[in-house]
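Written out below as structure tokens is the structure these notes cover.
The values are calculated or read from the model by the stated rules, or taken from the named source; none is laboratory data. What you are looking at is a predicted structure, and each value in this text was computed from that prediction instead of being measured. Here Cβ is always computed from backbone atoms with ideal geometry, including for glycine, and neighbour counts include all displayed protein chains.
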Amino acid sequence: MKKSIIIFVLSVFTCSFGAFAQLKVNSSGNIGIDTDSPASRFSIGAAGYTNSKAYIFNSNASSSQKGLEVSQALTNGDWSYGTISSVFTGNSSTKVVGVRGSGYKSTAYTSGMSFGVYGLAGNATTGYNYGVFGQIFGTNNGAAIFASTPGYAETSVNGIYAGYFRGKVFIEDKVGIKTTSPSYDLDVNGTIRCVSLTQTSDLGIKKDVRNIDKGSLRNVANLNGVKTTQNINLLNGWNIFSANVLPEVRDMMPIVQPLINAGQLVKVMDEAGNAIEDFGTFGGWVNNIGNIQATEGYKVNVNANCVLEITGDQIALPLSISLTSGWNIISFPQTIVLVL
């Protein structure tokens, strides 16, 4: 009887060993399937790594292969999970990753697709279908979903956000802020603050727009820009003046030519000593000053009380005036009278 039992046990062991001939257990107790040297506690298809409890490698490169597939039967309970992955740590410096997905290709191809995480959801209670769900816990700053494009790495998030994006974001449909039914590409139920806003001409957002006839267009085309005339009262002898308008022709000679024609001008000088003066038979009136400047003042000597008239465009204010070492004569391009 004992011999029969021993023979039966040996037969079962032999059959079992033959059925699982590819299962290996090394001296460390690591279990390997399709590998002779399992480094992980449980290795399938390759040795794995010592820092992995379980490692699976599928060497089959044909179409529609999966490294691991987990399925959960339909249940009637409150929550059902196909896979749960958790990491708990009390070390504040540890980087914790609950689930990591990688669909990276080492070379850029022109075909195929890759997904780091692929989530599908649907046909549950309306409004409670989430392809990917992320939630931020605790009181520290962070984001439920953080996304970045190449060139933007992880960064310290300065608040608590449902989503935080670094890089360009493309949205093909309408976006609603504080509204669940946006009617426009960007529909904001609130106040918008921006640094700058570019708006193309849109008849739909204009009011009281009327067609104009051709005669009105001709009138607009015939409009001339407004010119301002500055009258500067000069007293017999030396005066200091500056302009608050700039003529189209900046040359100083045409500006003072009326005083020359009236025989009233003796000399004009700038702060550097350059002058407009009469050299008589040795060249007549010569302009060594050049053009009138908005920032400069000038000394003028006349032989009678007279008026210097300058017509041009008003000088835009505020005006920055550069000063050189030593004495300067600067302009006062105001339209008001200042009593000293």
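Among the residues of the range 309-328, not one is among the charged types (D, E, K, R) and in a loop (DSSP other than H, G, I, E, B).
Among the residues here, Leu319 qualifies as surrounded by 11 or more Cβ atoms within 10 Å (Cβ to Cβ) and not assigned by TED's automatic domain parsing to the domain that holds Asn233.
Looking at Ser86, Ser114, Ser64, can you tell me which residue is touching a Lys or Arg at 6+ places or on another chain (Cβ under 7 Å) and assigned to a loop (DSSP other than H, G, I, E, B)?
Values: Ser86 fails: touching a Lys or Arg at 6+ places or on another chain (Cβ under 7 Å); Ser64 fails: touching a Lys or Arg at 6+ places or on another chain (Cβ under 7 Å).
Result: Ser114 is the single residue among Ser86, Ser114, Ser64 that is touching a Lys or Arg at 6+ places or on another chain (Cβ under 7 Å) and assigned to a loop (DSSP other than H, G, I, E, B).
Please verify whether Phe279 is within 19 Å of Thr295 (Cβ to Cβ) and among the aromatic types (Phe, Trp, Tyr), treating the condition exactly as stated. For Phe279, the condition - within 19 Å of Thr295 (Cβ to Cβ) and among the aromatic types (Phe, Trp, Tyr) - is not met.
Answer with yes or no whether Glu172 is over 21 Å from Gln135 (Cβ atoms) and either among the acidic types (Asp, Glu) or outside any loop (DSSP other than H, G, I, E, B) (or both).
yes
The set of residues in the range 313-330 that are more than 38 Å from the chain's Cα centre (by Cα) and farther than 13 Å from Ser242 by Cβ comprises Asp313, Gln314, Leu323, Thr324, Ser325, Gly326, Trp327. Whether any residue in the range 255-268 is over 26 Å from Val226 (Cβ atoms), among the charged types (D, E, K, R) and either touching a strand residue (DSSP E or B) at 6+ places or on another chain (Cβ under 8 Å) or part of a loop (DSSP other than H, G, I, E, B) (or both) is what I want to check. Looking through the range 255-268, at least one residue is over 26 Å from Val226 (Cβ atoms), among the charged types (D, E, K, R) and either touching a strand residue (DSSP E or B) at 6+ places or on another chain (Cβ under 8 Å) or part of a loop (DSSP other than H, G, I, E, B) (or both). For the range 270-284, the tally of residues that are more than 21 Å from Thr311 (Cβ to Cβ) and either loosely packed, with under 12 Cβ neighbours inside 10 Å or of a type outside the set (D, E, K, R) (or both) stands at 10.
Answer yes or no: is there a residue in the range 180-200 that is closer than 22 Å to Gln135 by Cβ, within 18 Å of the chain's Cα centre (by Cα), aliphatic (A, V, I, L, M) and exposed (fewer than 11 other Cβ atoms within 10 Å of the Cβ). No; the residues of the range 180-200 include none that is closer than 22 Å to Gln135 by Cβ, within 18 Å of the chain's Cα centre (by Cα), aliphatic (A, V, I, L, M) and exposed (fewer than 11 other Cβ atoms within 10 Å of the Cβ). Exactly one residue among Val175, Val249 is touching an Asp or Glu at 6+ places or on another chain (Cβ under 8 Å) and either free of Cβ contacts under 8 Å to residues at least 24 places away in the same chain or closer than 30 Å to Phe137 by Cα (or both), and that residue is Val175. For Ile171, indicate whether it is more than 30 Å from Ile84 (Cβ to Cβ), surrounded by 10 or more Cβ atoms within 10 Å (Cβ to Cβ) and not charged (D, E, K, R). For Ile171, the condition - more than 30 Å from Ile84 (Cβ to Cβ), surrounded by 10 or more Cβ atoms within 10 Å (Cβ to Cβ) and not charged (D, E, K, R) - is not met. Scanning the range 156-168 for residues that are assigned to a loop (DSSP other than H, G, I, E, B), over 16 Å from the mean Cα position of the chain (by Cα) and surrounded by 10 or more Cβ atoms within 10 Å (Cβ to Cβ) yields one hit, Val157.
Scanning the range 148-189 for residues that are touching a Gly at 6+ places or on another chain (Cβ under 6 Å) and at pLDDT below 90 returns a single hit, Tyr152. In the range 285-307, which residue that is part of a loop (DSSP other than H, G, I, E, B) and among the β-branched types (Val, Ile, Thr) is surrounded by the fewest Cβ atoms within 10 Å (Cβ to Cβ)? Filtering the range 285-307 for residues that are part of a loop (DSSP other than H, G, I, E, B) and among the β-branched types (Val, Ile, Thr), the one surrounded by the fewest Cβ atoms within 10 Å (Cβ to Cβ) comes out as Thr295. Scanning the range 215-230 for any residue that is assigned to a loop (DSSP other than H, G, I, E, B), surrounded by 10 or more Cβ atoms within 10 Å (Cβ to Cβ) and either at pLDDT 90 or above or within 42 Å of the chain's Cα centre (by Cα) (or both) turns up nothing.
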